[in-house]
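A.B. asks: First the structure, then my questions, so here it is.
The values are calculated or read from the model by the stated rules, or taken from the named source; none is laboratory data. Being a predicted model, the structure only gives us computed values, none of them experimental. Counting neighbours? That spans all protein chains shown, and the Cβs are built from the backbone with ideal geometry, glycine included. For the accessible areas, the whole protein counts, side chains as well, though only heavy atoms, and no ligand, DNA or RNA atoms are used. Shrake-Rupley method; radii C 1.70, N 1.55, O 1.52, S 1.80 Å.
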Amino acid sequence: MSVESRPEGETSMIDFAPLDWLWTGAFLLLMVGGAFFFYRLARRSESDFFLAGRGLPWWLPASSVFSTHTATDTPMWVTGVVYSHGLRGLWYTFFTAWTSVGAFVSARIFRRSLAYTQAEWQSLRFGGLGAELLRGWVAGWQVFMNMFILGWVGMAMGKVCHLVFGWPVWVGLVVPTAITAIYTLAAGYWGVVMGDFLQGIVAIFAIYAVTFVAIAAAGGPAAVTLRMTGLGEAWRLDPMAFTGWASGDFPALWWLTMLVISVVGGFGMGTSIDWYVEAQRIQSARTVRDASYGIWAGGAVTMVRNAFWAVAILAFFVMLPGIREQADYELGWFRLGFELLPAGMVGVFFGAILAIHLSTISSHLNLGALYVTRDLFQRYVRPEASQRTLVWVGRAATLLLLLGSFFYGLMMEQITQWLIFALWLMMAGVWLPNILQVVWWRFNAWGYLSSWMANLGLSWLVVWILPAFGVIPPLPEYLQFWSLMGLGALVFLPATLLTRPEPMDHLLDYYVMTRPLGWWGPIHAEAVRRGLIAETPPAAREGRRPLIRRRWTAEEASEWTREDWIAVVLSPVVYGLIMFGLVDLLLLRPAGIAMLALAAAGCAAIYWVIDPKLRAVSEEYEQRQAQYVSRLERSVQWDAAAPPGEG
């Protein structure tokens, strides 16, 4: 059995057996019915509706990270890059590697801040008018971005339903998303995260099943390799098959740029569109340790997913190598499942697609509603609102986001080009500021705000306007990124240095609470002078300590040491070994076993090195968390907030 060739652009409906409908209906009943089990938990407070009460063990945020990274459009995107580029296309998906670094840097800092959202974090990191402008801007941007993502993912589901049932695309956009809204409205984040756990299990099962069936249909692992070579396409089996240093459609400079964006980006906050979603997972974790492991494990499982998808698409390619239209070959993974799986399993496969869809939709509905409720309504409209009122505002905001997503989805085909431009290239100029706001004390609100404003104009000039008038030639994407970052620096660095730093009392509050890494020397020294933190023991300062330290006091563990850097350096390497090692193992190439053995050793080393520190930090911080939460809630009433440094 194999997938059949058909004229490009032609679609065919899939025959659903009664057993297939049974499995699909059972899955929907489980998801919607289960929401009402968590209804009573979600209605207790704003924290429960949006963060599940900050009490989740690491494996629940981890499953949610994976499920949220796996949207309905994701298999289309991964299929597209692997079908067109071979295994080197997996480097596009390696963007998720920011979680390998962020788990031990930005996640740790953000969890200690207790901010519900990235917008709220802006008012903790910065102070005064600049912070309020930033909070409002980031909140508004995120409301828009969540509606856009909901529309984009909804349109992908519409195309799948058109492929399977022949429905008009708008039906597939509206109906599954509306079903998702039912349990999201009822159960809030409790429904999201528990649904993600169940949906993740179903999705992983389907991904594994389709991969093994596809390999068998192509003749087995060895046949995939032999047939690829016979087609003269052996380069597709090499993840490092660059087209040149700076030329071709896959230059080495693009690859290096992508590594910098993803890996170094893990030091910052807001360096990718995924960050804003995962910030909610970070804050829902029970401790700092749970937050770190949740983000790391979720990213690692995503690498496993990428490997299985890639091998399935290689099998699809050797069976149907001549598809030229992107819109046709992007549906390759869906075709493998619907055309190769037997009756009964097709329903399970469609249930997995629904799981993928429901997970992402529920996450962005709840997250967008969080920004509306916490950062706009509660901050500026009704700071004294009761918990009951806030929960109902959250539900109303969820409904508004749902309606907005339908609007964006239905017009998506006309505006896709500039929306992708807005979400990716227009973020290039704020990539470095997103890191600087974490690692450099002197970076202030006006520097960060100016980077956003400058990038709005510069991105249009560099990408479209100047090339259109012949002022500069059209630039490849990696040069667009570096150009926008450099030009942006000419704006935000002077804006930072020519304006006053944030007030010392405000920076001290933030520093003592979050203990960020980087260039915070003056703030650290002042905190020690005021007795807000203890001085680092002389022995530790002078380096008289074991190579890898296993016993920590809370104060010592809050410092950034070589153990943190070992975890940060090893983590992206382990991610890469997991992804490409699994690809080789599934293709029965000997290197796969060696790479996976190294990945396992790397995981063990990371845990052995960093876990004692995370335990010490978590135990000490949780004792202070109630005090910090109380201060955070008082600060919501921004017009009556205590002056910086008080409390």
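A.B. asks: For the range 267-289, what are the residues that are open to solvent by 10 Å² or more (accessible area, probe 1.4 Å) and either closer than 15 Å to residue 200 by Cβ or in a helix (DSSP H, G or I) (or both)?
C.D. replies: Correct list: 267, 273, 274, 289.
A.B. asks: Please state which one of 311, 301 is in a helix (DSSP H, G or I) and under 16 Å from residue 606 (Cβ atoms).
C.D. replies: Checking each option against the conditions leaves just 301.
A.B. asks: Name the residue that is modelled with the lowest pLDDT, counting only residues in the range 14-51 that are assigned to a loop (DSSP other than H, G, I, E, B) and more than 15 Å from residue 193 (Cα to Cα).
C.D. replies: Filtering the range 14-51 for residues that are assigned to a loop (DSSP other than H, G, I, E, B) and more than 15 Å from residue 193 (Cα to Cα), the one modelled with the lowest pLDDT comes out as 43.
A.B. asks: Another question, then. For the list (1) more than 24 Å from residue 517 (Cβ to Cβ); (2) in contact (Cβ under 8 Å) with a residue 60 or more places away in the chain; (3) open to solvent by 40 Å² or more (accessible area, probe 1.4 Å), I need the number of the one condition that residue 264 fails.
C.D. replies: (1)
A.B. asks: State whether the residues of the range 200-213 include one that is among the small types (Gly, Ala, Ser) and at pLDDT 90 or above.
C.D. replies: Yes, the range 200-213 contains a residue that is among the small types (Gly, Ala, Ser) and at pLDDT 90 or above.
A.B. asks: A follow-up question, please. Just need a number here: residues in the range 126-165 that are open to solvent by 40 Å² or more (accessible area, probe 1.4 Å) and more than 18 Å from residue 362 (Cβ to Cβ).
C.D. replies: Final tally of qualifying residues: 7.
A.B. asks: Looking for whichever is among the charged types (D, E, K, R) and buried (at least 24 other Cβ atoms within 10 Å of the Cβ) here; the options are 196, 238. Which one fits?
C.D. replies: Exactly one residue qualifies, and that residue is 196.
A.B. asks: Across the range 52-95, what is the total count of residues that are crowded, with 24+ Cβ neighbours inside 10 Å, over 22 Å from residue 173 (Cα atoms) and at pLDDT below 90?
C.D. replies: 1
A.B. asks: Here's something else I'd like to know. May I ask you to verify whether residue 112 is under 21 Å from residue 501 (Cα atoms) and among the basic types (Lys, Arg)? Before you say what the answer is, go through the steps one by one.
C.D. replies: Working: under 21 Å from residue 501 (Cα atoms): no; among the basic types (Lys, Arg): yes.
The answer is no for residue 112.
A.B. asks: Residues 327, 315, 355, 343: which one is open to solvent by less than 10 Å² (accessible area, probe 1.4 Å) and modelled with pLDDT under 90? Step through it out loud before you land on a result.
C.D. replies: Details: 327 fails: open to solvent by less than 10 Å² (accessible area, probe 1.4 Å); 315 fails: modelled with pLDDT under 90; 343 fails: open to solvent by less than 10 Å² (accessible area, probe 1.4 Å).
The unique qualifying residue is 355.
A.B. asks: Within the range 584-595, can one find any residue that is farther than 21 Å from residue 223 by Cα and without any contact (Cβ under 8 Å) to a residue 24 or more places away in the chain?
C.D. replies: Yes, the range 584-595 contains a residue that is farther than 21 Å from residue 223 by Cα and without any contact (Cβ under 8 Å) to a residue 24 or more places away in the chain.
A.B. asks: Sticking with this one: Against the condition closer than 22 Å to residue 95 by Cβ, among the basic types (Lys, Arg) and in contact (Cβ under 8 Å) with a residue 24 or more places away in the chain, how does residue 305 come out, does it pass?
C.D. replies: yes
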